[in-house]
Amino acid sequence: MSSGAPQVATLLESLPYIREFFGKTIVIKYGGSAMADESLREAFANDVVLLKYVGINPVIVHGGGPEITQYMERLGLEVEFVQGLRVSDEQTVEVVKMVLIGKVNKDIVLRLNRHGQSAIGLCGDDGSLFQVTKRMLAGDDGKPRDLGFVGSIEHVDVSVVNHIAEDYIPVIASVGADAEGRSYNVNADEAAAAVATALGAYKVIFLTDVEGWLADPADPASLISETDVARIQQGIAAGRVTGGMIPKLDACADAVEHGVGSAHIVDGRRPHSVLLELFTDAGIGTKVGR
């Protein structure tokens, strides 16, 4: 067998998937370690640019939690999370906007540009992309818990995204405003699911810092490779899902329930995890179907 045979085999394995996904929209929620490590940032940019080159329409929705926390700590602001959501007063929202829109978003855009595909940065305010209302959570006592300026997306106007996606890669920061113009921090997982639903995306991929949904969070071997909405709802209700995995699985279930073909939770710590999930028979992570 020639030295190039394994590479050829890999290309042939990917061909049916490229054919299946051609012309389709795939929303990628970008966050976690994939954003923090330089080599992973390079791998992610290469993955997204390749998708565009082979006729797939990638749309990136990003967070930036670790960088937001770093800047909050430098400014002496309290950092608090409830059920994976950041409690956000007015000062926190200002930091979120500065970090996500002014820094993280532009870093992603510049990297994609440098790798050969033009990208344009957006946030929920641009073109009234996100219409947001205040989000409340049920506390342990059953009473509503006020998280401050944490928003829930009521409507996504994707006309601006569709227009940009014809020629560019849209990169969307997860902040938005309500009807009165008040700014809100929006969970990036929720934003990605909402964008995928509004676009009628073929798939939505959530990059995270674990292998996927683990039946036992302490055991990587307990990965649930495929699941559905009912099983997710049962797991959350039974308390088998905790922390930041709650909004991710909620977002997967919401996207699939509203017409997205499938949702995937993928380990963003693995180089080229997007391509491994999309273009190989085995895939990686957890797939949520109907």
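The values are calculated or read from the model by the stated rules, or taken from the named source; none is laboratory data. Predicted model only: the values in this text are computed from it and were never measured. Don't worry about glycine lacking a Cβ; one is built from the backbone with ideal geometry, like all the others, and counts go over all protein chains shown. Please note that ligands, DNA and RNA were not included when accessible areas were found on the heavy atoms of the full protein model with its side chains. Shrake-Rupley method; radii C 1.70, N 1.55, O 1.52, S 1.80 Å.
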(message) So, in segment 101-128, exactly how many residues are under 17 Å from Phe44 (Cβ atoms) and surrounded by 19 or more Cβ atoms within 10 Å (Cβ to Cβ)?
(response) 7
(request) Any chance you could count how many residues in segment 32-59 are under 15 Å from the mean Cα position of the chain (by Cα), modelled with pLDDT of 95 or more and more than 13 Å from Arg111 (Cα to Cα)? (result) 2
(request) Output yes when any residue across segment 180-197 is touching a residue at least 12 places away in the same chain (Cβ under 8 Å), crowded, with 24+ Cβ neighbours inside 10 Å, touching a Lys or Arg at 6+ places or on another chain (Cβ under 6 Å) and among the charged types (D, E, K, R), and no when none is. (result) yes
(request) May I ask you to list the residues in segment 153-163 that are crowded, with 16+ Cβ neighbours inside 10 Å and part of a strand (DSSP E or B)? (result) Ile153, Val156
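Can you name the residue in segment 52-62 that is open to solvent by 10 Å² or more (accessible area, probe 1.4 Å) and part of a loop (DSSP other than H, G, I, E, B) and is also nearest to Ile164 (Cα to Cα) among such residues?
Result: Gly55.
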(message) Every residue in segment 198-222 that is surrounded by fewer than 24 Cβ atoms within 10 Å (Cβ to Cβ), touching a helix residue (DSSP H, G or I) at 6+ places or on another chain (Cβ under 9 Å) and not hydrophobic (A, V, I, L, M, F, W, C), please.
(response) Tyr202, Lys203, Asp209, Glu211, Asp216, Pro217
(request) Can you tell me which residue among Ser14, Ser39, Ser88 is over 15 Å from Ser174 (Cα atoms) and either in contact with a Lys or Arg (Cβ under 7 Å, 6 or more places away or on another chain) or surrounded by 13 or more Cβ atoms within 10 Å (Cβ to Cβ) (or both)? (result) Ser14
(request) Check whether at least one residue in segment 223-236 is touching a helix residue (DSSP H, G or I) at 6+ places or on another chain (Cβ under 6 Å) and modelled with pLDDT of 90 or more, and report yes or no. (result) yes
(request) Can you confirm whether segment 222-241 contains a residue that is touching a residue at least 40 places away in the same chain (Cβ under 8 Å) and in contact with a Ser or Thr (Cβ under 6 Å, 6 or more places away or on another chain)? (result) yes
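From Val95, Val87, Val49, grab the single residue that is among the aliphatic types (A, V, I, L, M) and free of Cβ contacts under 8 Å to residues at least 40 places away in the same chain. Write out each step before concluding.
Values: Val87 fails: free of Cβ contacts under 8 Å to residues at least 40 places away in the same chain; Val49 fails: free of Cβ contacts under 8 Å to residues at least 40 places away in the same chain.
Answer to the check: Val95.
Among strands (runs of 3 or more DSSP E) lying entirely in segment 185-290, which contain 1 or more residues that are more than 24 Å from Lys52 (Cβ to Cβ)?
Working: elements: 203-208, 226-228, 262-267, 286-289.
Per the criteria, 226-228, 286-289.
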(request) Among the residues of segment 242-290, write down those that are closer than 17 Å to Leu214 by Cβ and among the hydroxyl-bearing types (Ser, Thr, Tyr). (result) Thr242, Ser273, Thr286
